[in-house]
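**Student:** Take this structure first; my questions come after.
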Amino acid sequence: MTLFLCLSTNIMLCQVGVGTTNPTSELEIETSNTGIPALEINPQTAPVGTADGQLSVIGDKLYMYDLTRAKWLSIESTTLLYGRTGSRTNEVLRLMGNFGNQNSGAFIPMDATIVHISARARGGNSTKQFSLEIRNGAGFVSSTIYNLAASEYINTALNIDINAGEYLIARIGSAGGNVTDLILTVWLKWRQ
């Protein structure tokens, strides 16, 4: 007597359609202009994130879990732009925006995480040092120092927490010669 064992593997592609019988993605919600939202995510207070890309509404904002940074970060990014024109050294970079220039830095209204920075100088010391300094009402909290390389700096993997009520100040370092027209961009995401 001979016994044959047949193994087969079935690969099943599962697509779910709401309002459609022919979804074009794993989940598709087909809507019409009825005035009813296509999707509702109920707010949570303390979800536990376990994987990149998980979504949750916390309070009144939409957050995505960032597994690398091990925290919930807002979908939206806030960009802060600092700069000084001319040849400079050992100075505070000015916070730039529609309200004009100021030397006091940006007041952070909610808990946030700095996730990216980039800097570029037009000339001068191409390896000039600059820093991001966090302060609160009592004074200095922390500082992180960076160096330009060939008049530029980019870091897209930062994970620097800043708390509500603190200030973020950018400074040009004192070591080495002057740097010309330094611009620094900082990207923040709100943190839970």
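**Student:** Return the residues of region 124-143 that are of a type outside the set (A, V, I, L, M, F, W, C) and touching a Ser or Thr at 6+ places or on another chain (Cβ under 6 Å); say none if nothing qualifies. Reasoning before the result, please.
**Tutor:** Applying the first criterion (of a type outside the set (A, V, I, L, M, F, W, C)) to region 124-143 yields 124-129, 131, 133, 135-137, 139, 142-143.
Matches in region 124-143: G124, S126, S131, E133, S143.
**Student:** Of all residues in region 153-184, how many are among the polar types (S, T, N, Q) and buried (at least 16 other Cβ atoms within 10 Å of the Cβ)? If you could, list the steps in order and put the result at the bottom.
**Tutor:** Of region 153-184, the ones among the polar types (S, T, N, Q) are 155-156, 159, 163, 174, 178, 180.
This time we only want the ones that are buried (at least 16 other Cβ atoms within 10 Å of the Cβ), so: 178, 180.
Residues that pass the stated criteria total 2.
**Student:** Do we find that V115 is part of a strand (DSSP E or B), free of Cβ contacts under 8 Å to residues at least 40 places away in the same chain and under 23 Å from the mean Cα position of the chain (by Cα) in this structure?
**Tutor:** Details: part of a strand (DSSP E or B): yes; free of Cβ contacts under 8 Å to residues at least 40 places away in the same chain: no; under 23 Å from the mean Cα position of the chain (by Cα): yes.
Criteria not met by V115.
**Student:** So, one more: A150: crowded, with 17+ Cβ neighbours inside 10 Å and in contact (Cβ under 8 Å) with a residue 24 or more places away in the chain, yes or no?
**Tutor:** Criteria not met by A150.
**Student:** Moving on to the next point. Give me the pairs: first residue in region 120-136 and over 11 Å from Y146 (Cβ atoms), second residue among the polar types (S, T, N, Q) and not in a strand (DSSP E or B), beta-carbon distance under 7 Å, and six or more apart or on different chains, which are they?
**Tutor:** Listed by first residue and then by second, the contacts come to R120/S151; A121/S151; G124/N178; N125/N178; S126/S151.
**Student:** Taking region 22-40 on its own, how many of its residues are under 24 Å from K61 (Cβ atoms), surrounded by 10 or more Cβ atoms within 10 Å (Cβ to Cβ) and in contact with a strand residue (DSSP E or B) (Cβ under 8 Å, 6 or more places away or on another chain)? Steps first, answer last, please.
**Tutor:** Residues of region 22-40 that are under 24 Å from K61 (Cβ atoms), as a first pass: 27, 29, 31, 35-40.
Narrowing the set further to residues that are surrounded by 10 or more Cβ atoms within 10 Å (Cβ to Cβ) leaves 27, 29, 31, 38.
Okay, now just the ones that are also in contact with a strand residue (DSSP E or B) (Cβ under 8 Å, 6 or more places away or on another chain), so 27, 29, 38.
Count: 3.
**Student:** Step by step: first the residues of region 83-123, then only those that are out of contact with any Ser or Thr (no Cβ under 8 Å at 6 or more places or on another chain), within 20 Å of A164 (Cα to Cα) and buried (at least 19 other Cβ atoms within 10 Å of the Cβ), then the one that is modelled with the lowest pLDDT. Which residue is that?
**Tutor:** Checked region 83-123; the qualifying residue modelled with the lowest pLDDT is G105.
**Student:** Which one of these is in contact with a Gly (Cβ under 8 Å, 6 or more places away or on another chain), over 14 Å from T180 (Cα atoms) and not β-branched (V, I, T): N136, N155?
**Tutor:** Going through N136, N155 in turn, just one is in contact with a Gly (Cβ under 8 Å, 6 or more places away or on another chain), over 14 Å from T180 (Cα atoms) and not β-branched (V, I, T): N136.
**Student:** If you don't mind, another one. Do the conditions hold for T180, that is, is it of a type outside the set (D, E, K, R) and in a strand (DSSP E or B)?
**Tutor:** Yes, satisfied.
Each row is one residue, and each column tells you yes or no for (1) loosely packed, with under 15 Cβ neighbours inside 10 Å; (2) under 15 Å from W187 (Cβ atoms).
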{"site": "G53", "(1), (2)": "yes, no"}
{"site": "I58", "(1), (2)": "no, no"}
{"site": "S77", "(1), (2)": "yes, yes"}
{"site": "G137", "(1), (2)": "yes, no"}
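**Student:** Being touching a Pro at 6+ places or on another chain (Cβ under 8 Å) and either surrounded by 15 or more Cβ atoms within 10 Å (Cβ to Cβ) or at pLDDT below 95 (or both): is that true of D66 here?
**Tutor:** no
**Student:** Okay, next question. If a residue has to be closer than 15 Å to T89 by Cβ and part of a loop (DSSP other than H, G, I, E, B) to count, how many in region 152-177 make the cut? Spell out how you get there, then give the answer.
**Tutor:** Kept after step one, since they are closer than 15 Å to T89 by Cβ, are these residues of region 152-177: 170-177.
Next cut, part of a loop (DSSP other than H, G, I, E, B) only: 173-177.
Total meeting the criteria: 5.
The values are calculated or read from the model by the stated rules, or taken from the named source; none is laboratory data. Owing to the predicted nature of the structure, the values given are computational and were not obtained by experimental measurement. Because the Cβ atoms are built from the backbone with ideal geometry, glycine has one as well, and the counts that use them run over all protein chains shown.
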